[in-house]
Amino acid sequence: MMLSKKMAKALNGQINAEMYSAYMYLGMSAYAADKGYNGVAGWMGAQAKEEMGHAMKIYGFVQSRGAKVELDAIGKPPANYTSVLDVFKKTLKHEQHVTGLINKLFDAAKAEKDHATEIFLQWFVTEQVEEEESVTDILGKLEMAGNHPGAIYMIDRELGARATAGH
């Protein structure tokens, strides 16, 4: 069974959303690097790669279901942040937005009785739970650290381990 036009359009929209996420995290990585937070920069760079992977996963699925991939322009992400805490607050807000988009896609697949798409999207539902949990954990540490440079330095080092671990 091919994807319906409606489902193909919705999945193409999600490809764009995932590409925007990658672009946004790349911008956050640049901000962090400019401020000397190399660990945060690495973490955000790894996040950008992960989001690009999500886009490509959907891209491949759309093609495998006999539908056309139609790419749209990617919006310009914000470039200015007030702090690392601000970066992660905006990250959590963005991930919650993406969770909403994934949930709408899942509901649409369910309504169309498109079981293949529904099963495919289950991975993304689980992934979003992990994304929000990870960012919430980092936010908690940053809020606990307050304005203590030593504590922020330690969090930055810890976040840098993600980039070197290849996640």
Does at least one position in segment 15-32 carry a residue that is among the small types (Gly, Ala, Ser) and outside any helix (DSSP H, G or I)? no
Qualifying positions in segment 19-37 - touching a residue at least 60 places away in the same chain (Cβ under 8 Å) and within 20 Å of residue 104 (Cβ to Cβ): 21, 24
Given the criterion in contact (Cβ under 8 Å) with a residue 24 or more places away in the chain and in a helix (DSSP H, G or I), identify the matching residue among 136, 126. 136
Kindly provide the set of residues from segment 59-80 that are closer than 11 Å to residue 18 by Cα and in a helix (DSSP H, G or I), ordered by number. 59
Segment 21-41, subset out of contact with any helix residue (DSSP H, G or I) (no Cβ under 6 Å at 6 or more places or on another chain), within 14 Å of residue 94 (Cβ to Cβ) and not hydroxyl-bearing (Ser, Thr, Tyr), residue surrounded by the fewest Cβ atoms within 10 Å (Cβ to Cβ): 27
Among 104, 113, which is under 17 Å from the mean Cα position of the chain (by Cα), within 18 Å of residue 4 (Cβ to Cβ) and of a type outside the set (Phe, Trp, Tyr)? 104
Looking at 44, 56, 52, which one is in contact with a helix residue (DSSP H, G or I) (Cβ under 8 Å, 6 or more places away or on another chain), part of a helix (DSSP H, G or I), of a type in the set (A, V, I, L, M, F, W, C) and under 30 Å from residue 114 (Cβ atoms)? 52
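Every read-out reported here was derived from the displayed coordinates using simple, explicitly stated rules and does not represent laboratory data. Please read all numbers here as calculations on a predicted model, not as lab measurements. FYI the Cβ positions are ideal-geometry reconstructions off the backbone, even for glycines, and counts take in every protein chain you see.
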